[in-house]
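First comes the structure, then the notes that go with it.
Laboratory data are not the source of any read-out in this text; all were calculated from the coordinates shown. On a predicted model such as this, the values are computed, not experimentally measured, just so you know. Glycine also receives a Cβ, built like all others from the backbone with ideal geometry; neighbour counts cover every protein chain displayed.
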Amino acid sequence: MDGMDGSVAGTAFDLGPQERRRLFGQVFDLVEEHARGVRDLPVTPDVTPETVRRHLERYDFDGPLEPEGVLADTAAMLRRWTVHTTHPGYFGLFNPNPAALGVLGDLLAAAFNPQLAAWSHAPGAVEIERHVTGFLGERLGLPSGRVAGHFTSGGAEANLTGVLLALTRAFPQVGEDGLAALPGRPVLYASAESHLAWLKIAHMCGLGRRAVRLVPVLPDLRMDLRALTERIAEDRRAGLLPFLVVGTAGTTSAGVIDPLGELADLAGAEGLRFHVDAAWAGAAALSDRLRPVLAGIERADSVTLDAHKWLAMPMGAGTFLTRDAEGLLETFRITTAYMPASTPGAVDPYAASAQWSRRAIGLKLFVTLAAVGRAGYARMIERQTDLGDLLRRRLADAGWRVLNRTPLPVVCFTDDAHGGEAGNAARLEAVAERVLRAGHAWISTTAIAGTPALRACITNLATTEADVETLVTELESARSQEPPPTAAPDRPHYAR
Ligand SMILES: *Cc1c(COP(=O)(O)O)cnc(C)c1O
């Protein structure tokens, strides 16, 4: 970003220090304005693709535009055409309101732009990330001083890494000769409530989507261990090759935590690898009060923990953590003539992870953790958990029926005052739609063991008791305007 001359002189590549300061200042003002004003914006935009595209037609990129105007208009587009996950009334899908320090840390990463592929190019940033992943691993209870891992674009990449590592360890020939060298087809197990990125991952790995065995859950939505045991036995009899059990710690829909200790026992007894997908709820490990809900996670071979969910970081920031440093090096091993030589005593991230060129994803979390402290994080996480409990109580008071049991702040609920759940899905959709259109809150719909439900999750560190009350009021109002379809008491129960 230094002053330039020659062919770029006079273009917006060539900003002087004054102009840079002015533009940085402008962006800070825009960001600050948004942070202070988001509460007054509708959480959900009302817009069609045509509207956005029509606006963008003014950008033909032929000639240059004034940077101020471009920045201001870009922010305006984001202000008008975004579901504001930074709004305290966003009771949504684990997308947090990023901590200001996280945004600043991300700015440092963008501006210094360290290349984390090889240790020797970015000793500071690589070691900062190693320090942070080591801390997270230890909070989870992975073996002290032996945690390996790295930042990822998100949970999906971390889960992909978990599958590749498990495949490589379970079937050493796969690295060179591929799945075709195996005497059977590898299969992995996750609960029917797990995050369905597993299907994409199995596709991407060449395992095929059917290699993902979605194990039924018990009525409490935790994986049914008996069903798992039976499925493994059945698959072995059929000549398939079970290699990995995935436990979900905090399911995406209902915040349910699989029985991790029992899964670890079972995986051990069956000789399978054990990965825990704790993309959202893994953050609970930072709170002494909540850490026990993750009991058993310390026995995992590897863990997925997103920083861009409950650790309130800007996207994308996942982590992959493992006790198996050697396995990671085997999975991603590579040497080339043109990459810098490896540094004794250090690991080159490009040879231990899926990415090659690598952004300093972890700086934002480092800066925030250092400034807020572990205890500060614990307070934020515990407060959101308390707000979840409040929401659960207030919904029950208002006559909603809560359908999921979890210690985490996600509440799935329905209204069966009018008898039966058949036909209720459309009605709950309509209730959610009304809440969204009113503009003060964002919630979603889901299904809990086949029962249609509304879903509200505390994901914003700025959400208060008053926001919870607003949501309950909005739901009441939406419900009263969305009467049951027909003469409800006589309506028959339809089988699902
Ligand atoms: C969000 C989530 C994922 C996917 O993570 P991304 O960061 O969106 O890639 C995977 N598993 C669980 C349990 C999740 O909640």
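When Lys and Arg each count +1 and Asp and Glu each count -1, what net charge do the other residues less than 14 Å away from LEU108, Cβ to Cβ, add up to?
With Lys, Arg at +1 and Asp, Glu at -1, the neighbours total 0.
Given +1 on the Cβ of Lys and Arg, -1 on the Cβ of Asp and Glu, and no further charges, what dipole in debye does the chain carry about its Cα centre, rounded to the nearest 20? Could the numbers behind the result be given before it?
Details: 49 positive and 58 negative charges, 191 e Å.
That gives a dipole near 920 debye.
Most exposed first by the Cβ proxy, i.e. fewest other Cβ within 10 Å, how do TRP442, TRP310 rank?
Going from least to most buried by this count: TRP442, TRP310.
Which of THR168, GLY206, LEU218 sits farthest toward the positive end of the charge dipole of the chain, with +1 on the Cβ of Lys and Arg and -1 on the Cβ of Asp and Glu?
Checked the options; the winner is LEU218.
Taking 0.36 nm per intervening residue step and subtracting the Cα-Cα distance, what contour gain separates ASP14 from SER477 on full extension?
Using 0.36 nm per residue and subtracting the Cα-Cα distance, I get 161.2 nm.
Just want to confirm a number: the relative contact order over region 373-480, from Cα pairs under 8 angstrom separated by 6+ residues, in percent.
Reported relative contact order: 30 percent.
Does region 105-369 classify as rounded, prolate or oblate by the C-alpha gyration tensor (a ≥ b ≥ c root eigenvalues; a/c under 1.5 gives rounded; else a/b over b/c gives prolate, otherwise oblate)?
Oblate, since a/c reaches 1.5 and b/c is not below a/b.
Compute the Cα gyration tensor for the chain, then decide on rounded, prolate or oblate, letting a ≥ b ≥ c be the square roots of its eigenvalues: rounded whenever a/c is under 1.5, prolate when a/b is larger than b/c in the other cases, and oblate in all that remain.
Values: a/c = 1.78, a/b = 1.05, b/c = 1.70.
Oblate shape, in that a/c is at least 1.5 and b/c is the bigger or equal ratio.
Once you place label points 7 Å from the Cα toward the Cβ at LEU104 and GLU230, how far apart are they in nm?
In this crude label model, LEU104 to GLU230 measures out at 5.7 nm.
Remind me, relative contact order of the chain in percent, using alpha carbon pairs under 8 angstrom and six or more residues apart?
Relative contact order of the chain: 20 percent.
Give me MET77, MET339 sorted ascending by neighbouring Cβ count inside 10 Å, so fewest comes first.
By the 10 Å Cβ count, ascending, the order reads MET77, MET339.
Using the membrane-span-like helix rule (whole DSSP H runs, Cα extent along the own axis of at least 27 Å, mean Kyte-Doolittle hydropathy at least 0.0), which helices of the chain qualify?
Answer set is 363-397.
I want the antiparallel fraction of DSSP beta bridges within the chain, as a percent rounded to 5.
Numbers: 23 of 40 bridges.
Antiparallel: roughly 60 percent of the beta bridges in the chain.
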